[in-house]
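The values are calculated or read from the model by the stated rules, or taken from the named source; none is laboratory data. Small disclaimer: the values here were computed from a predicted structure and weren't measured. Note that each Cβ is placed from the backbone with ideal geometry, even for glycine, and that neighbours are counted across all protein chains shown. Heavy atoms of the whole protein, side chains included, go into the accessibility calculation; ligands, DNA and RNA do not. Shrake-Rupley method; radii C 1.70, N 1.55, O 1.52, S 1.80 Å.
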Protein chains: 4
Amino acid sequence: MNRLNIGLIGSGFMGRSHALAWRASGSTSPLDVTPHLELLADVDAATAGKAAAGFGFARSTGDWEALVADPAVDLVDVTTPNILHAPMCRAVIAAGKPLYCEKPLAPDARTAFALAREAEAAGVPTFVGFNYLRNPLTELAREIVQSGEIGEVWNFRGIHAEDYMTDPKSLWTWRLDPKGGAGAVADLGSHIISLARYVVGPIERLCADVDTVVAERPTREGGRRPVEVDDQARALVRFANGAKGTIEASWVATGRKMYLAFELVGSKGSICLNMERMNELKLYVTGRSPVTDGWIEIPSTPAHKDYAGFIPAPGHQLGFNDIKTIEVAEIVRTLTGAAGQRVPDFREAAEIQATVDAILLSAKSGGWVSVDGVAKDAGR
Amino acid sequence: MNRLNIGLIGSGFMGRSHALAWRASGSTSPLDVTPHLELLADVDAATAGKAAAGFGFARSTGDWEALVADPAVDLVDVTTPNILHAPMCRAVIAAGKPLYCEKPLAPDARTAFALAREAEAAGVPTFVGFNYLRNPLTELAREIVQSGEIGEVWNFRGIHAEDYMTDPKSLWTWRLDPKGGAGAVADLGSHIISLARYVVGPIERLCADVDTVVAERPTREGGRRPVEVDDQARALVRFANGAKGTIEASWVATGRKMYLAFELVGSKGSICLNMERMNELKLYVTGRSPVTDGWIEIPSTPAHKDYAGFIPAPGHQLGFNDIKTIEVAEIVRTLTGAAGQRVPDFREAAEIQATVDAILLSAKSGGWVSVDGVAKDAGR
Amino acid sequence: MNRLNIGLIGSGFMGRSHALAWRASGSTSPLDVTPHLELLADVDAATAGKAAAGFGFARSTGDWEALVADPAVDLVDVTTPNILHAPMCRAVIAAGKPLYCEKPLAPDARTAFALAREAEAAGVPTFVGFNYLRNPLTELAREIVQSGEIGEVWNFRGIHAEDYMTDPKSLWTWRLDPKGGAGAVADLGSHIISLARYVVGPIERLCADVDTVVAERPTREGGRRPVEVDDQARALVRFANGAKGTIEASWVATGRKMYLAFELVGSKGSICLNMERMNELKLYVTGRSPVTDGWIEIPSTPAHKDYAGFIPAPGHQLGFNDIKTIEVAEIVRTLTGAAGQRVPDFREAAEIQATVDAILLSAKSGGWVSVDGVAKDAGR
Amino acid sequence: MNRLNIGLIGSGFMGRSHALAWRASGSTSPLDVTPHLELLADVDAATAGKAAAGFGFARSTGDWEALVADPAVDLVDVTTPNILHAPMCRAVIAAGKPLYCEKPLAPDARTAFALAREAEAAGVPTFVGFNYLRNPLTELAREIVQSGEIGEVWNFRGIHAEDYMTDPKSLWTWRLDPKGGAGAVADLGSHIISLARYVVGPIERLCADVDTVVAERPTREGGRRPVEVDDQARALVRFANGAKGTIEASWVATGRKMYLAFELVGSKGSICLNMERMNELKLYVTGRSPVTDGWIEIPSTPAHKDYAGFIPAPGHQLGFNDIKTIEVAEIVRTLTGAAGQRVPDFREAAEIQATVDAILLSAKSGGWVSVDGVAKDAGR
């Protein structure tokens, strides 16, 4: 069997998760090529070397450009801070290699669409890590909606809220750098937007309210720096298919650790999915006897897409990293032609980014904004 | 001990609940006067007579004006369809009697403020039935916020969603009559607005999106009639104290039976309250050891306001009608001077109605609306 | 319409609950006679008078025997400490009046069976307050089991655990008096036994382990007194119909306030009911598609027995006192012949008590015990 | 860095899970040696070859004895059907290699103790896969109990119930072979016994009731075969430290997929842990203000043992296979001397098996049984 040699740039939160995922992918899915941890790059050789040993990479380097150019690297996987995505992606596209980048792809839709166009022109397959789409229960939600079983979608309330920035003493980091794009709405909002698009469809218009509640943060160097990006955001949204709803994002949602959730109301049923309990989906379908009418609590089981590759027994639970493993297995299947592409490509990531940009624009302008308009202005 | 003779108009859902509440109130709270079910009025003598017997009223009548004029009636309690509230309230005010009216008080803020002014001019005590404010755990939420324990309020996500109008075959009723005011946003939205105001404070500005998903309904007479009021609504809201958030209302939220809920995010803690499990409040407070950090699930107990009058044991649970009983006991305490007024008066109800009107106006105008402006235009 | 004049003895936790229930019953059920709060007795005239005023009784007395003898009293309702049940019941039976007594009926099965025989001989209708049987969802559980929908019952795990005696500083009370019978197994265990019998059927044999974890308690008088009754108990049980399972009772279950719950496993489905969330029943039925297989969360609605008399809307929730109201309405319906008897009579209470006694006997003897044998020995 | 070459026997449910775990262990924990998937054995070369490719093993074989003898294999990992554990373990012990075997170790305590003695005599390190002990929240429960924070343990209610044998049409498999040992009580009961021992301590005496509800099953060959092992079991248990409680096991618990759970009641607090939601622990501690008294819902976070190696963010959730990964990392740490042994060795597994045997003996004899006695009779 052939190998797919992975070149990973970055060894932080996402770097570790990607490394674990690439290693596990071959054991949980029948793949036509085996992902191999070939080369890891990080800011310097020492950091890279240490991480490579831990993650099981064959080689390491302190020079990411060398990684991109390395003839033994078949696919480049970018997990660096957001601000570095664009230059790195451009180098990979120039090298003509398949490219997998963590979300958010770029600081704004203009850059994201440009990257998408460049990749398309170069014929480079692209993938962006909106991993929650790969939860088997997300796939189930999508299938139920598309089957028509719960009728027309009337409302979608989506949210991604965590609290890692609640503490005003938490440090100013690269996530707060406005050059890297928006704040919570980019970091977390992009996840719930990706889910909304995947399950319901494109958002056409929106009206948002965005604010920053912690005005400045201490810096690692000892001073203080003003926060220029958003801490929390909410938007009224209208989908192209007529559904309406709301989208919310916050990284100051005190007490919430992984509240990525939606409730989708249809004319004949409803779905609740909450990644705080990512192995459970709640489904309501009209037409049951009133005596035993109620929501069905569906646990994740081998009957759901991709679960069986991990565990043959129902209800035994997948974890966060397993979802990432499913994502990379999908990438492999796409590359080998074993399946159509499910993981968002750069164009889809740019559409998500245009929705993020529209939220910021609406918040600034104080009114409804056309997401299509924003996307077109950004060079879609 | 003196009696407080109750005159009740209406014997439907709310009429029954009020009757039960008045009867139980004396046994669950030490009151200085005892509510007595004196006289019940309904559309005709037969309906009224039957209901009076069932509810335990001493007398009944088919003539509500006679009830208002009856010298033995000390307080008039209005539980008729919304559209009748204003004329009945006016008659009671004219009669100078304490007045308790179900929500929503009036079809619009103009009428509500007019009623408030008239009652104030006449010196008539007024009360409006926003019963969920009386859940002991609502009071607890308010106390926690006001104590400063969870810091500054950053976000409030409030919703009242039920599904009693999901079925397109459900009949056109008086709730759909535009003369009676708005749809879901008046019937259910007013509840969550009242909670938002009670726990956080007044809403200053908002931007809303409102729609009707079932375009027409069958009528009792056999034809079909277009639906002119809203089925679902969502609004971005900004509170006077700087908090932001969202308000949502729907009577087509398929699967939901009593989803009146909010999550309030503060800088030092958060609160979740959901009337689907009305005997539980979730509280998060920062500063715990990371090892045992988490949300506290607080069950309703005798340590919470009003619970002990019903049950001396913790966690044994109050029901929907018990909350109504607490409401009428509060009314009695206000009338006897035993306590300050907690139940919203007509002025507070008019402010709530102005928020409802602002939602409709914003949805029509497509932009942000000042609730103050709406209230002033309505003759606040 | 005729009145049913109630004579209530006792005005504590249960006295209050009964008073509320009698008052509300006429408004929540169509009854052929109206319960009337005629006479309240307590330990002295002052206590009785104060409670009577609060609860709305027409008259009061410090002499319970006078109440029993009072010609205006149609039914006597006994809510005094357990140890007083037997002498009071005997007096009521002698007076030939319908008799409603709180559980547990007697300190042991011998006394309970004797009371049952005496009442039967006198032709006196009897009722014992196992109120949780009246939760509409208990009735639903029973109906589902009896319908055969979930097949043969294989296992029943039942528990009633609270923590009101966890604190070793909580006072020695009449509940701890061995003359009044057992401890937690009588006070709480009798509830779960009554549920087990109602939903599954009689328990034939059992083997138990019982212990006392707080060896002595402070007394009101300032000293300390050893605890001679059980704090917690568990039993293996075998039902007459072949089902097996466990029964558990504890009043030292730290953290639990109202954990009366069971999980019933059948060959074709299962049921979970937990009075901590008394308005929810979980039902699992085999045969669903594996893709949407799961437990159904059924909220209490008007489709369930007795709910509609309280609230016409689904999911709005009944409370603890509402269940008591259903119980007294059932008693009225039985007395007027409007319905067959559902509330346990003294004979059923004696059978429950025999099961309690069997638990104690087994714990003492250290082996399996026949409940039938215990009942026969007790003069069944 | 040195490698630890793994030889795995068996590629079913557990084989897959172990392979994933060995691969991931190096990336989630800093280990002094790196586990390497050296050799996989299964019933024949073809099966082994296919699995080896999927799991990423370097080599494969159809001859498990060759695997044991292979000089390149440093540790042998046995995941075959139970009945094969003993002969395979004996061969590994004879080869003097570290040995990791899935639970249950043996069909009875006699065999298990013999294996333990043989391994000890040979100086072979042994490990048995009671993986749920490695859930970071199990470790937290143990720490809380051992810290004394919740006082003396008064009661432990433990259960492991699933429903994979509920369907009477499900096939007769090796799990039902009485030569392999008991049924549900061995397969699932051993898990909850291991948890009980880990968190509370040894069980001293017990009294059990065990039954088989599906009397015969279809065989793969087309006939039917009687079921001779238990489907469900419950036991009263007494711990050596004075705590009491119950243990339950069932593989016919209709509707349950992974109900491995316990509630531990202490004199100053309580703990609930349920592997259906394996990332959540509920903790109650006495002494809070009655106003905000309640259970704390603790999500799994980096503050808990081993979680941080997988995910730096709290509440993002571990899955079933992650717990196995923690188990194998513990084995590596024990072998390198980096940490003391936490994973049960053969002696601990034999003690667990003695408890299983005691349940069966008690069920047969119909009375209380000394677990110590059973262990001694089995040659402890």
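Go through segment A:91-98 residue by residue and turn each phi into a ³J(HN,Hα) via Karplus (6.51, -1.76, 1.60, θ = phi - 60°); whole Hz please, and just put x for glycine and proline.
3J(HN,Hα) across segment A:91-98, in whole Hz: 5, 5, 4, 4, 7, x, 9, x.
State the volume of the convex hull built on the alpha-carbon positions of the protein assembly as shown, expressed per residue in Å³ and rounded to an integer.
Details: hull volume 270.4 nm³, N = 1520.
Taking only Cα atoms, the protein assembly as shown has a hull volume of 178 Å³ per residue.
What residue of chain A sits with its beta carbon nearest the rotation axis taking A to D, and at what distance in whole Å?
Output: A:G319, 1.
Might you report the magnitude of the Cβ-based charge dipole of chain B about its Cα centre, with Lys and Arg at +1 and Asp and Glu at -1, to the nearest 20 debye? Display every interim value, and only then the final one.
Numbers: 39 positive and 46 negative charges, 38 e Å.
For this selection, approximately 180 debye.
Based on the alpha-carbon gyration tensor of segment C:223-315 and its eigenvalue square roots a ≥ b ≥ c, which shape applies: rounded if a/c is under 1.5, prolate if not and a/b is larger than b/c, or oblate? Display every interim value, and only then the final one.
Working: a/c = 2.57, a/b = 1.49, b/c = 1.72.
Oblate.
Once you order the gyration tensor axes a ≥ b ≥ c over the Cα atoms, which shape class does segment C:95-167 get: rounded for a/c under 1.5, otherwise prolate or oblate by comparing a/b with b/c? Could you put the intermediate results ahead of the total?
Values: a/c = 2.28, a/b = 1.42, b/c = 1.60.
It comes out oblate by the Cα gyration axes.
Using the basic label-point model (7 angstrom from Cα toward the beta carbon), what is the A:T219 to D:R220 distance in nanometres?
For the pair A:T219/D:R220, the computed spacing is 6.8 nm.
Which of C:I311, C:I159, C:I352 moves most in a GNM of chain C, Cα contacts under 10 Å?
C:I311
Run through the DSSP bridge list for the protein assembly as shown and note the antiparallel percent, rounded to the nearest 5.
60
Per residue, how much space in cubic angstrom lies within the convex hull of the C-alpha atoms of chain B? If you can, show how the numbers build up before the last one.
Working: hull volume 53.8 nm³, N = 380.
Dividing the Cα hull volume of chain B by its residue count gives 142 Å³.
Rounded to the nearest 0.05, what FRET efficiency do B:A94 and B:S289 give with R0 = 51 Å and r taken as the Cβ-Cβ distance? Could you check? Present the calculation step by step, with values, prior to reporting the outcome.
Working: r = 63 Å, r/R0 = 1.23.
Using R0 = 51 Å, I get an efficiency of 0.20.
In Å² (nearest 100), what accessible area is buried between C and B, both sides summed, heavy protein atoms only, 1.4 Å probe?
3100
Rounded to the nearest 10 Å², what accessible area does A:T166 have for a 1.4 Å probe in the complete protein model?
Here the residue's solvent-accessible area equals roughly 10 Å².
Just to verify a number: FRET efficiency for A:K268 and A:I83, C-beta to C-beta distance, R0 = 41 Å, to 0.05? The partial results should precede the final answer.
On the way: r = 45 Å, r/R0 = 1.11.
Working from the Cβ atoms, E equals 0.35.
Could you give each residue of segment D:264-281 its phi-based ³J(HN,Hα) in whole Hz, using Karplus coefficients 6.51, -1.76, 1.60 with θ = phi - 60°, and x for Gly or Pro?
Going residue by residue, I get 10, 9, x, 5, 10, x, 9, 9, 10, 9, 9, 5, 4, 10, 6, 9, 9, 10 Hz, with x marking Gly and Pro.
Step through the residues of segment B:110-115 one at a time and calculate ³J(HN,Hα) from phi using the Karplus curve (6.51 cos²θ - 1.76 cosθ + 1.60, θ = phi - 60°), rounding each to whole Hz and writing x for Gly and Pro.
So the J values, rounded to whole Hz, are 4, 5, 5, 5, 4, 4.
So for each of D:89-100, A:265-276, D:280-291 I average, over its residues, the number of other beta carbons within 10 Å; can you give me the resulting order with the highest mean first? Let's see the in-between values first.
Working: D:89-100: 20.7, A:265-276: 22.8, D:280-291: 16.8.
Per-residue Cβ counts within 10 Å, averaged per peptide and sorted highest first, yield A:265-276, D:89-100, D:280-291.
What are the distances, in nm and sorted shortest first, from the label point of D:T219 to the label points of the same position in each other copy, with each label point placed 7 Å from Cα along the Cα-to-Cβ direction?
The projected label point of D:T219 is separated from its counterparts by 7.1, 7.4, 7.8 nm.
Compute the accessible area of each residue in segment A:1-40 twice, once for its chain alone and once with every protein chain present, using a 1.4 Å probe on heavy atoms, and list those whose area falls by at least 40 Å².
A:F13, A:R16, A:L20, A:R23, A:S27
On full extension of the chain, what length is gained from D:S147 through D:E120, given 0.36 nm per residue of separation minus the C-alpha to C-alpha distance?
On the way: separation 27, 0.36 × 27 = 9.72 nm, distance 3.15 nm.
Length gained between D:S147 and D:E120: 6.6 nm.
Could I have the simple spin-label model distance between D:A72 and D:V43, label points 7 Å from Cα toward Cβ, reported in nm to one decimal?
It works out to 2.7 nm between the two label points.
Which residues' amide hydrogens lie under 5 Å from the amide hydrogen of D:D74, considering only partners 5 or more residues apart or on another chain, with H built in the peptide plane?
D:N5, D:I6, D:G7
For chain A, what does the relative contact order come out to in percent, with C-alpha contacts under 8 Å and a separation of six or more? Walk me through the numbers on the way to the answer.
Details: 868 pairs, mean separation 76.4, N = 380.
RCO, chain A: 20 percent.
Calculate the length of the line joining the C-alpha centroid of segment B:133-164 to that of segment B:52-98, in whole Å.
Value for the Cα centre distance between the two parts: 33 Å.
Viscosity 0.890 mPa s, temperature 25 °C: Stokes-Einstein D of segment B:225-380 from its Kirkwood Cα radius, in µm² per second?
On the way: Rh = 19.1 Å.
Translational D for this selection: 129 µm²/s.
Within the set A:K324/D:K305; C:K282/D:K257; A:K257/C:K282; B:K324/C:K103, which residue pairs have Cα atoms separated by over 19 Å? Before the final figure, lay out the partial values.
Numbers: A:K324/D:K305 22 Å; C:K282/D:K257 15 Å; A:K257/C:K282 28 Å; B:K324/C:K103 29 Å.
Table pairs above 19 Å Cα-Cα are A:K324/D:K305; A:K257/C:K282; B:K324/C:K103.
With a probe of 1.4 Å, find how much accessible area segment B:10-98 has per residue, and write the answer as a whole number in Å². Before the final figure, lay out each step's value.
On the way: 3120 Å² over 89 residues.
Accessible area per residue: 35 Å².
Convex hull over the alpha-carbon atoms of segment B:160-318: what's its volume per residue in Å³?
Numbers: hull volume 25.3 nm³, N = 159.
Dividing the Cα hull volume of segment B:160-318 by its residues yields 159 Å³.
Once the Cβ-Cβ distance between C:K50 and B:A308 is put in as r, and R0 is 22 Å, what FRET efficiency do you end up with, to the nearest 0.05? Write down the numbers at each step before the final one.
On the way: r = 16 Å, r/R0 = 0.75.
After rounding to 0.05, the efficiency reads 0.85.
Please compute the per residue accessible area over segment A:113-200 with all protein chains in place, 1.4 Å probe, rounded to a whole number of Å².
Values: 2530 Å² over 88 residues.
Each residue of segment A:113-200 exposes 29 Å² on average to a 1.4 Å probe.
Run through segment C:164-212 and list the trypsin sites (Lys or Arg not before Pro) located in a DSSP loop whose Cβ has at most 10 other Cβ atoms within 10 Å.
On the way: sites: C:K169, C:R175, C:K179, C:R197, C:R205; in loops: C:K169.
Those satisfying the criteria are C:K169.
Output, in nm with one decimal and in ascending order, the distances from the C:G340 label point to the matching label points of the other copies (7 Å from Cα along Cα-to-Cβ).
5.8, 6.0, 6.4
Would you please classify the overall shape of segment B:3-130 from the alpha carbon gyration tensor, given that a ≥ b ≥ c denote the square roots of the eigenvalues, rounded means a/c under 1.5, and beyond that prolate means a/b larger than b/c while oblate covers the rest?
Judged from the Cα gyration tensor, segment B:3-130 comes out prolate (a/c at least 1.5, a/b above b/c).
Enter the mean number of other protein chain beta carbons within 10 Å of the beta carbon of each residue in B:317-329, as an integer. It would help to have the intermediate numbers written out before the result.
On the way: counts 14, 6, 14, 10, 12, 7, 3, 0, 4, 0, 0, 0, 0.
Taking the mean over all residues of the peptide, I get 5.
Would you mind telling me the share, in percent, of accessible area of segment C:56-140 contributed by carbon and sulfur at probe 1.4 angstrom? Show your work: numbers first, answer last.
Working: 1400 of 2530 Å².
Carbon and sulfur together cover 55 percent of it.
What is the magnitude of the charge dipole of the protein assembly as shown about its Cα centre, with +1 placed on the Cβ of each Lys and Arg, -1 on the Cβ of each Asp and Glu, and no other charges, expressed in debye to the nearest 20?
0
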